[in-house]
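Q: Below is a structure I'd like to ask you about.
Just so it is clear, none of the values below were taken in a lab; they were calculated from the coordinates. Computed from a predicted structure; not experimentally measured. Neighbour counts are summed over all protein chains in view; Cβ atoms, including those assigned to glycine, are modelled from backbone coordinates with ideal geometry.
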Amino acid sequence: MKSYTEYLWFNTSKKREFINITDKVEASLRKSRISEGFCLVNAMHITASVFINDNEKGLHSDFEKWLEEYMPHEPLSRYRHNLTGEDNADAHLKRTIMGREVIIAVTKGELDFGPWEQVFYGEFDGCRKKKVIVKIIGE
Amino acid sequence: MKSYTEYLWFNTSKKREFINITDKVEASLRKSRISEGFCLVNAMHITASVFINDNEKGLHSDFEKWLEEYMPHEPLSRYRHNLTGEDNADAHLKRTIMGREVIIAVTKGELDFGPWEQVFYGEFDGCRKKKVIVKIIGE
Amino acid sequence: MKSYTEYLWFNTSKKREFINITDKVEASLRKSRISEGFCLVNAMHITASVFINDNEKGLHSDFEKWLEEYMPHEPLSRYRHNLTGEDNADAHLKRTIMGREVIIAVTKGELDFGPWEQVFYGEFDGCRKKKVIVKIIGE
């Protein structure tokens, strides 16, 4: 069994942002030289997400609006977590909905995706450096 | 390390439907001849889900009602994604809640399930052909 | 490829409870003697969850309040599932939001975690014995 590990760094200019990282994951896969196995991609911070969905800006703004409707950033006093001095309780909830991780099948050296699947990094408390791990195991 | 890959096809007669696919996943596992490892099952389309829960019709209608309450299909104008000509923005959101994928432990040649765990395909924008991948790695 | 399987048992004194199980998962990893691979941790019951987030009590009470707001335990008649004689339909929904499973990268013999990642068992219908599987594959 082979394994390959790579870390991707992000520092978004906005508090909330979705970034298409499909190319980066594919680049990691090529470097791994693994042709059959599993590829794990996960946010290593608990106010960020990795998820798979459509690369369509309208949909991303729908996600943003929907998350803000049911777990709004403000009022900060809505959340006990913010009593710690943080203001990011909503980001913990948003990341829970969008998901921490994805596992992608690797088949014949490619990410085994359906026609519209793309991998995104979802930032919910940005403007600081955060890390994503890509780890591939297989043969 | 061995690996085994199989694709399952679905074409539901209803727009939204939950289908128990536990038997199909078990059949894939038998064909793989893998006794210790991980089994990944994921929807390859971004308006469908694979999830594990109870095989109980009342619960499935509770899921349906709950998803429709917080991410309704209509009005279509609620979602910017639908400006693309699609009418399935709600299906992208519903699948996000229900999940894209599951990983099941394989132990002694069996899906290592608790007493009530069953695998379901969740369709949120049906009446067309869609694919699920079952990929098992191990020994 | 090596694999290691361990089952953790829980019997909470409260109906709903979050338990930090990071130490237990790390203990399983040490016993596995696996240094590169994937670690799967999942609830084997469909009204419980395994998830990764912050070890902060205020945040946990925010999760609790938020889940209860959008999928309340009562009135029991809100859910068709409860017509079966169960009273735990809300627990099935809550576990869906919080997630059944996590996959953790194993690198150099450690859980490859970001600075604040901790693993939790989330109980939504407690006061009875339930099981979690920890399965590690790799080398």
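Residue-wise test of (1) in contact with a Phe, Trp or Tyr (Cβ under 7 Å, 6 or more places away or on another chain); (2) over 28 Å from B:Leu93 (Cβ atoms); (3) surrounded by 19 or more Cβ atoms within 10 Å (Cβ to Cβ).
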residue: C:Leu59; (1), (2), (3): no, no, yes
residue: C:Asp62; (1), (2), (3): yes, no, yes
residue: C:Lys65; (1), (2), (3): no, no, no
residue: C:Glu68; (1), (2), (3): no, no, no
residue: C:Met71; (1), (2), (3): yes, no, yes
residue: C:Ser77; (1), (2), (3): no, no, no
residue: C:His81; (1), (2), (3): no, no, yes
residue: C:Gly109; (1), (2), (3): no, yes, no
residue: C:Lys131; (1), (2), (3): yes, yes, no
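Q: Would it be correct to say that A:Lys94 is more than 28 Å from A:Tyr4 (Cβ to Cβ) and touching a residue at least 24 places away in the same chain (Cβ under 8 Å)?
A: Working: more than 28 Å from A:Tyr4 (Cβ to Cβ): yes; touching a residue at least 24 places away in the same chain (Cβ under 8 Å): yes.
Yes: the conditions hold for A:Lys94.
Q: Is there a residue being β-branched (Val, Ile, Thr), touching a strand residue (DSSP E or B) at 6+ places or on another chain (Cβ under 6 Å) and either within 14 Å of chain A (Cβ to nearest Cβ) or closer than 20 Å to C:Arg80 by Cα (or both) anywhere in region B:79-90?
A: Filtering region B:79-90 down to residues β-branched (Val, Ile, Thr) leaves B:84.
The next check asks that each one be touching a strand residue (DSSP E or B) at 6+ places or on another chain (Cβ under 6 Å); those that pass are none.
Looking for residues that are β-branched (Val, Ile, Thr), touching a strand residue (DSSP E or B) at 6+ places or on another chain (Cβ under 6 Å) and either within 14 Å of chain A (Cβ to nearest Cβ) or closer than 20 Å to C:Arg80 by Cα (or both), one finds none in region B:79-90, hence no.
Q: What are the pairs, 6+ residues apart or on separate chains, where a residue within region A:11-22 that is among the hydrophobic types (A, V, I, L, M, F, W, C) has its Cβ under 7 Å from a residue that is not in a strand (DSSP E or B)?
A: Between residues of region A:11-22 that are among the hydrophobic types (A, V, I, L, M, F, W, C) and residues that are not in a strand (DSSP E or B), the close pairs are A:Phe18/A:His60.
Q: Something else about it: Can you name the residue in region A:6-15 that is within 15 Å of the chain's Cα centre (by Cα) and surrounded by fewer than 18 Cβ atoms within 10 Å (Cβ to Cβ) and is also farthest from A:Glu68 (Cα to Cα) among such residues?
A: To start, the set of residues in region A:6-15 that are within 15 Å of the chain's Cα centre (by Cα) comprises A:6-12, A:15.
From the residues that got through so far, the ones that are surrounded by fewer than 18 Cβ atoms within 10 Å (Cβ to Cβ) too are A:6-7, A:9, A:11, A:15.
Numbers: A:Glu6: 32, A:Tyr7: 29, A:Trp9: 25, A:Asn11: 21, A:Lys15: 13 Å.
So the residue we want is A:Glu6.
Q: Looking at (1) over 15 Å from the mean Cα position of the chain (by Cα); (2) within 12 Å of another protein chain (Cβ to nearest Cβ); (3) without any contact (Cβ under 8 Å) to a residue 24 or more places away in the chain, which is the only condition C:Ser3 fails?
A: C:Ser3 satisfies every listed condition except (3).
Q: In addition: Taking region B:93-103 as the region of interest, how many residues are at the interface with another protein chain (Cβ under 8 Å from one of its Cβ atoms) and either among the β-branched types (Val, Ile, Thr) or out of contact with any strand residue (DSSP E or B) (no Cβ under 6 Å at 6 or more places or on another chain) (or both)?
A: Residues flagged as at the interface with another protein chain (Cβ under 8 Å from one of its Cβ atoms) and either among the β-branched types (Val, Ile, Thr) or out of contact with any strand residue (DSSP E or B) (no Cβ under 6 Å at 6 or more places or on another chain) (or both) within region B:93-103 amount to 5.
Q: What number of residues in region C:121-135 are of a type in the set (Val, Ile, Thr) and either away from chain B (no Cβ under 12 Å) or touching a Lys or Arg at 6+ places or on another chain (Cβ under 9 Å) (or both)? Quick ask: steps written out before the conclusion?
A: Our first condition is that a residue be of a type in the set (Val, Ile, Thr); within region C:121-135, this holds for C:132-134.
In the following step, the residues that additionally are either away from chain B (no Cβ under 12 Å) or touching a Lys or Arg at 6+ places or on another chain (Cβ under 9 Å) (or both) were identified as C:132, C:134.
Adding up the residues that qualify gives 2.
Q: Here is a follow-up. If B:Ala48 meets every condition in (1) buried (at least 22 other Cβ atoms within 10 Å of the Cβ); (2) over 17 Å from the mean Cα position of the chain (by Cα) apart from one, which number is that one?
A: Tallying (1) buried (at least 22 other Cβ atoms within 10 Å of the Cβ); (2) over 17 Å from the mean Cα position of the chain (by Cα), B:Ala48 fails exactly one: (2).
Q: Out of the residues in region B:21-44 meeting the condition of being among the charged types (D, E, K, R) and more than 17 Å from the chain's Cα centre (by Cα), tell me which one is farthest from the other protein chains (Cβ to nearest Cβ).
A: B:Arg30
Q: For the structure I just gave you, tell me whether B:Gly114 is surrounded by fewer than 20 Cβ atoms within 10 Å (Cβ to Cβ), of a type in the set (Gly, Ala, Ser) and at positive phi.
A: Considered against the rule, which asks whether it is surrounded by fewer than 20 Cβ atoms within 10 Å (Cβ to Cβ), of a type in the set (Gly, Ala, Ser) and at positive phi, B:Gly114 comes out as no.
Q: How about region B:5-23: which of its residues are within 18 Å of B:Phe113 (Cβ to Cβ) and polar (S, T, N, Q)?
A: Within region B:5-23, B:Asn20, B:Thr22 qualify.
Q: List every residue pair whose Cβ atoms lie under 6 Å apart, where the two residues are 6 or more positions apart in sequence or sit on different chains, the first residue falls within region B:45-59 and is more than 7 Å from every other protein chain (Cβ to nearest Cβ), and the second residue, located anywhere, is polar (S, T, N, Q).
A: B:Thr47/B:Asn88; B:Val50/B:Asn42; B:Asn55/B:Asn20; B:Asn55/B:Gln118
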